[in-house]
Amino acid sequence: MKTWPWFVVCTILCWGAYVPTLHTGQLGFGPKNGALRAFMFVGLAYFLVSVAVLVYAWITKAEPMSELSMRGVTFSTMAGLLGALGALGIAFALVGGGRPMIVAPIVFAGAPIVNTIVTMIWHKPANPPGPLFYVGIVLAAVGASMVLRFRPT
């Protein structure tokens with residue numbers, strides 16, 4: 001049995017709960033200006049998880065820590081920066097008046113579209129995408145629009 005689908009489901013559940021959880025955390029700091037304090041604890045959580053995973057990898061020798069490449073370090077750090085800036089963007093969107101029921105559908109429908117475009121630029125597909133691929137891109141945007149238009153109030 002393949003394990004990767006379980007990790008995908010885990011990520012969907014975690015990221016799906018991220019925006020409302022962050023918003024609740026911001027509100028826990030008071031009605032105004034909780035964005036940076038909430039973001040600080042998001043960063044702390046990232047740090048704690050990464051340290052725990054690195055300690056596990058070191059103890060079990062699951063990952064050879066001595067084999068680092070400049071390309072791997074550079075792009076992994078860039079990915080971390082993009083993730084942190086995205087989290088900061090969500091934090092400020094929420095404190096700026098955005099609500100989780102509005103911010104999350106826009107982010108989580110828009111991000112896969114951007115991901116697909118960036119991936120196709122960096123890893124050119126062997127065959128050009130067919131028309132249904134572009135229909136899927138449009139449907140992702142339409143789906144987010146429908147979620148926003150018909151959201152519960």
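The values are calculated or read from the model by the stated rules, or taken from the named source; none is laboratory data. Computed from a predicted structure; not experimentally measured. Backbone-built Cβ (ideal geometry, glycine too); neighbour counts: all protein chains shown.
The residues of region 11-65 that are without any contact (Cβ under 8 Å) to a residue 40 or more places away in the chain, surrounded by 11 or more Cβ atoms within 10 Å (Cβ to Cβ) and in a loop (DSSP other than H, G, I, E, B), listed by number, are PHE29, GLU63. When the residues of region 1-38 are filtered to those that are at pLDDT 90 or above and of a type in the set (Lys, Arg), the one that is nearest to ALA93 (Cα to Cα) is ARG37.
Per-residue answers, yes or no, for (1) at pLDDT 95 or above; (2) within 17 Å of the chain's Cα centre (by Cα); (3) exposed (fewer than 15 other Cβ atoms within 10 Å of the Cβ):
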site: ARG99; (1), (2), (3): no, no, yes
site: ILE102; (1), (2), (3): no, yes, no
site: ILE117; (1), (2), (3): no, yes, yes
site: PRO125; (1), (2), (3): no, no, yes
site: ALA140; (1), (2), (3): no, yes, no
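Determine, yes or no, whether VAL118 is assigned by TED's automatic domain parsing to the domain that holds PRO152, aliphatic (A, V, I, L, M), part of a helix (DSSP H, G or I) and touching a helix residue (DSSP H, G or I) at 6+ places or on another chain (Cβ under 7 Å). For VAL118, the condition - assigned by TED's automatic domain parsing to the domain that holds PRO152, aliphatic (A, V, I, L, M), part of a helix (DSSP H, G or I) and touching a helix residue (DSSP H, G or I) at 6+ places or on another chain (Cβ under 7 Å) - is not met.
The sole residue among ALA141, ALA104, ALA84 that is out of contact with any strand residue (DSSP E or B) (no Cβ under 7 Å at 6 or more places or on another chain), farther than 18 Å from VAL19 by Cβ and in contact (Cβ under 8 Å) with a residue 12 or more places away in the chain is ALA141. For region 73-84, the criterion of being of a type outside the set (Asp, Glu) and surrounded by 13 or more Cβ atoms within 10 Å (Cβ to Cβ) is met by at least one residue.
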